[in-house]
1. Straight-line reach only, C-alpha to C-alpha below 19 angstrom: list the aspartates and glutamates that A:Lys70 could link to, leaving out same-chain residues fewer than 8 apart.
2. Is chain B best put as rounded, prolate or oblate by its Cα gyration tensor, with a ≥ b ≥ c the root eigenvalues, rounded for a/c under 1.5, and otherwise prolate when a/b is larger than b/c, oblate when not?
3. Cα-Cα over 25 Å: which of B:Lys357/B:Lys552; B:Lys441/B:Lys526; B:Lys441/B:Lys502; B:Lys349/B:Lys526; B:Lys357/B:Lys488?
4. Among A:Phe43, A:Phe102, A:Phe212, which one shows the biggest mean-square fluctuation in a GNM of chain A, springs joining Cα atoms closer than 10 Å?
5. With a probe of 1.4 Å, find how much accessible area the range B:229-356 has per residue, and write the answer as a whole number in Å².
6. Name the aspartates and glutamates eligible as straight-distance cross-link partners of B:Lys114: C-alpha to C-alpha under 19 Å, and not fewer than 8 places from it in the same chain.
7. Can you pull the one-decimal nm distance between simple spin-label points at B:Leu21 and B:Ile386, each 7 Å off the Cα toward Cβ?
8. Angle check, please: helix B:21-77 long axis (alpha carbons) against the longest principal axis of chain B (alpha carbons), in degrees 0 to 90, nearest 10.
Amino acid sequence: MPHIVFVLSFFLFASLSRIAGATEIAILTSANLPYYDQAVVGFKAGLPAATSTKEYHLNGQLEEGRHIAKSLRAAPPDLIFAVGLKAAVAAKLEIFDTPVVFCMVLNPEAHGLPAQNMTGIAVRPTPDTQLAALRAAIPNRHRIGVLYDDQHSGDFIRQAHQAAKQQGLELLAVAIRRQDEIPNTVRALLPKINVLWLIQDQTVVSESAIPFFLESTLDARIPLFTFSLTLVQQGALGALVLDPWTVGQQAARMAQSHLNGQQASAGVLQAPERPQLALNANAAEHLGLALSPEQMRLAGHLFSGPGALAKKPGQSDFIP
Amino acid sequence: MATDTEMVEPALSSSPFSVTLRTKLVLSMAVILMAACLLLAWVFIRQQARSAAESLVQSGTLLAQHLAGRGRFSIAVGDTHRLTQLIQETLSVNSVAYVAVVSSDGHLLAGLGKGKWQQQFSFQPMGQRPFAVTTLVQPRRLNTETGEPLVSGIWLANHAPVLRSTIEFTLGELFTLMGGSELPLFYDLLVQVPHRSHTAVWDTALQLTLDERLDTPENSTTLTQMTPALVEVGFSTSTLQHLLRQLLWQAVLITLGTLIGGLGLTILLARHIASPLQRLTAAANKLADGEAVPTVAIHTHDEIGTLAQVFSAMALKLQAREHELRELAHTLEHRVEARTQELAAANTKLRELDQRKSIFVSTASHELRTPLTAMKVHLANLQDGIDGAITEEQRRSLLRVEANLSRLRILIDDLLDLSQIEMGQATIELESIPLETVITKVVDDLHPFAHERRARIVTSLPSDLPSVSADPDKLRQILLNLLHNAVKFSPLDAIVDLTAMKISTDEVLVSVRDVGPGIAPEYVDKIFQPFYRAPTVHKTTKGAGLGLAIAKSLIESHHGRLWVETEPNRGSCFSFTLRSSTPSRLASAETPAPIPSHHPIA
């Protein structure tokens, strides 16, 4: 019975939109999470005023997403905006003709994204962008170590090698398959590098590994460059981070392009635009690095003052 | 005067439980100070021990939690190398005795110990080996929700840990600490390796990295599963014990100092209170002994000072009163002495006068007797007609002269007898006399007079009336005087009763009862005085008032008593006693005894 009501209301919405002649966009959200909401808000803000949107929440259930997607396939909107992995996968599995723009998917390639009718925005900035930001933040450090799981980040590391070579950096990438390989790998890697680059790899990054990375690098006085504001706040030197609202805005522009008949970007995963540099001045001071005023001015997030550094000079205790 | 004080002082000193005020004050203050100091010291030490223990537990908790936080990844991935490094770092803290990382099921993952605790970790195969302390403290009791540590006291006895019921030191242990011994007491802190998330909800990239799973719900943060584990850190209480030892000795010294100081002050205070009281007591004793009391020099502005002032004022008043009393007594003594001397002189003078009177009466009686005898001879010659015949009228006149001569002769005889008694010249010759014989003779002698007064003398004499020891003449005179008075003062046709009876083994009572006018009570004491005649005696009744005085003197010379029982208008009963005759009494009576002289008639 609820399904019947849902389908009837869906058709009523589609029929009314058609009658009005407005652009219809269905928004599928994987879960009710703040950063998903921000992306949706950014997306809506980037759409023309005449565009009508209707949001659908999967509540973290892929099957729910597939059910919604089937309904949308029966009465397709002009475009579907999928936020999150489950929404994007549900769209990929059930939507074949309607253009789909997705975002907030960490490893789209691992799930066959994007399909032919889909385009999306990567969560990770390109290796080139990240390395450039790293180099800008730490100009004098050239030996960069990175841990990765080839299954998740093999392509990314291969691109990173090329980018590093182009930027004159030496990238020491060490592949791991399990988390328990991290301690020995890091202990072996740290003496060989002068920057540790932490990428968004689900094998490498875990709740328990984060303090280990922070401790190890701070103990070894090796700068840690990451992707997370949280880690920068807790002692990493810097990070290149994304703003969900900006991602939503970027997705809105992509949707406009689709709606305007520009199909050139179909099946292409775009890099996120305008990633922001985050820096920790206290960490830089602890590591003996001097951040230039220009870098600090350009940084979108600058952490300094009390609480911005886990480890103080001359103190043995680690204070998260 | 001194008896009151003497009675008080022995009463105080004789009691076995009597203590001085100073002793009471000192003892009371000592008890109070001791109790207060011990109580305060105990509370202070307990509070300090608890505070120090809490501080140790707090810092230990931070250390254990820090270790748990730092080592949680190593625990998760089984990195014993890193864990051992972290444990060694933790062990470098002086107070840490052992550090153990154990799984939630109690198996030792890594651990190291110092000193005696090394044995607990000497063999450490990876995997299935429990840690003895963890087994003791029962990790199930750990509250995993609040994250608070489980704190336990561990006693390391003979290299084997024993769980204590409390982490606090017992009284006996505190005394052991004071003796310098060190207790093998350790605090065991058990904390859980935290599952704290490092991810902020606004950190999109990190959230996605950690949470994005196609097969799990995304709307709840899913952390990478970590191996549940516990970090157990043992802390030596050596420093705490050292601190407590110092505190204990400080408390002891402070207690002793306070006690000594307090007792010193109490002694001073007690002396300050007791000394004036002692001086007051000494002054009071002096005052009680009648000594001169100087002003008690106590100048305190308190109750004792007021008491001293009041006492001094009272002493001055008492001394002034005593002085006045002494002067008054002295004056009285002088006056009494003077009056006594005056009285003695007057008495001597009276005695001389009385003696001279008696001599005069005796001399006069003797001198009067001689012409009276001559007059009587001549009167008899006239009556007999030797000097010529006389008429009847002359005869009657001569009879009246003879009667008056007889009365005069009786009066002179009485005066002579009385004067002899008063001058001690009369003698009593006692002999055993049958009383009824004397009575019969006296009654016979009085028969004419009784006949004249138409009186009847009735005698009642028992048959067993004993003989009495008396001078026959004097006894006769006694009875004669009493019976004569009875007949004389009784109306006509009266009956005078004379009775005699034995009232004891050696005493006989003789009574003469008349039915005369009696004697008024106010005159009873005076009727035995010479020449005294009661006012109620009719003027026509003749007599000089010597009979009773002579009778009383004679009876007393016989060691008897004479008294009268009288009732106005009903008559009188004169009674006297005499001693019955016994051989010893008679023997002593062979020597004539002088009759004691009468007191002078005042």
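The values are calculated or read from the model by the stated rules, or taken from the named source; none is laboratory data. Computed from a predicted model, the values in this text were never measured in an experiment. Reconstructed Cβ throughout: ideal geometry from the backbone, glycine too, with neighbour counts over all protein chains shown. Quick note on the areas: whole protein, heavy atoms, side chains included, nothing else; ligands and nucleic acids left out. Shrake-Rupley method; radii C 1.70, N 1.55, O 1.52, S 1.80 Å.
1. Those aspartates and glutamates meeting the cut-off are A:Glu24, A:Glu55, A:Asp78, A:Glu94, A:Asp97.
2. Here chain B falls in the prolate category.
3. Over 25 Å Cα-Cα: B:Lys441/B:Lys526; B:Lys357/B:Lys488.
4. A:Phe212
5. Dividing the accessible area of the range B:229-356 by its residue count gives 65 Å².
6. B:Glu89, B:Glu182, B:Asp188, B:Glu232
7. Distance between the two pseudo-spin positions: 10.8 nm.
8. 10
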